[in-house]
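Participant: The structure that follows is given in the form of structure tokens.
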Amino acid sequence: MVDVKRLSPRELRRLQSRMLNELGMSVNELGQAHYVIISLKDRSIKILNPNVVELDTPQGKMYQIAGGEQVAETHVEEMEHQSYTPSDEDVAIVAMQAGVTEDEARRALTESNGDLARAILSLKKK
């Protein structure tokens, strides 16, 4: 048995990597993200500057989010009351690309929650 307390950080990482490889798993440190949003059924949580680690297992990938600062927790009721209002520039772009009126473009942008590509495609399908 290896005395973990006496291992240097480098040796500890190597030991961890060997043990995970034996189990068919690997760890990949992705680094620091600008922000992470976790969307649950009843709320959404936004975390600024967390460290993200990816654990690749035979069953699939898992992501660990560590540290950071929780800056917002929005409940579903609050999210439903927040509505998207498209900018005039977005409306003009969608109207021009889809060949429709500005009112149709504005409606499509509102329905797509500001996703220009989705709004244009939905208008072209009609």
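Taken together, the values in this text are just the output of simple stated rules run on the coordinates, not laboratory data. The model shown is predicted, which means the values in this text are computed figures rather than measured ones. Every residue, glycine among them, receives a Cβ derived from its backbone with ideal geometry; neighbour counts consider all protein chains shown.
Participant: Would you mind checking the tilt of helix 9-22 against the longest principal axis of the Cα atoms of the chain, expressed as 0 to 90 degrees and rounded to 10?
Facilitator: Helix 9-22 and the main axis of the chain meet at about 80 degrees.
Participant: Then there is this: Could you work out the per residue convex hull volume over the alpha carbons of the stretch 83-125, in cubic angstrom?
Facilitator: Working: hull volume 2.2 nm³, N = 43.
Output value, Cα hull per residue: 51 Å³.
Participant: Related question: Per 0.36 nm of contour for each residue apart, how much would the distance between N113 and V36 grow if the chain were fully extended, relative to their Cα-Cα spacing?
Facilitator: Values: separation 77, 0.36 × 77 = 27.72 nm, distance 1.95 nm.
Extra length available between N113 and V36 comes to 25.8 nm.
Participant: Pick the calculated Kirkwood radius over Cα pairs in Å for this structure from (1) 18.8; (2) 16.9; (3) 16.1?
Facilitator: (1)
Participant: Separate question: What FRET efficiency, computed as 1/(1 + (r/R0)^6) with R0 = 25 Å and r the Cβ-Cβ distance, is obtained for Q70 and L7, rounded to the nearest 0.05? Can you show the working numbers first?
Facilitator: Details: r = 33 Å, r/R0 = 1.33.
Given R0 = 25 Å and the Cβ-Cβ separation, E is 0.15.
Participant: Pop the C-beta distance of A92 and K125 into the FRET formula with R0 = 25 Å and round what comes out to the nearest 0.05.
Facilitator: That gives a FRET efficiency of 0.75.
Participant: May I pose another question? With everything on Cα atoms, drop me the angle between helix 116-125 and the longest principal axis of the chain, reported from 0 to 90° to the nearest 10.
Facilitator: So the inclination is approximately 50 degrees.
Participant: Let me ask something else. What are the ³J(HN,Hα) values, in whole Hz, obtained from phi via the Karplus relation 6.51 cos²θ - 1.76 cosθ + 1.60 with θ = phi - 60°, for each residue of the stretch 69-75 in sequence order, with x given for Gly and Pro?
Facilitator: Listing the rounded values in order: 10, 6, 10, 7, 9, 10, 7 Hz.
Participant: What do you get for the angle between helix 102-111 and the principal long axis of the chain? Use alpha-carbon atoms, 0 to 90 degrees, nearest ten.
Facilitator: 30
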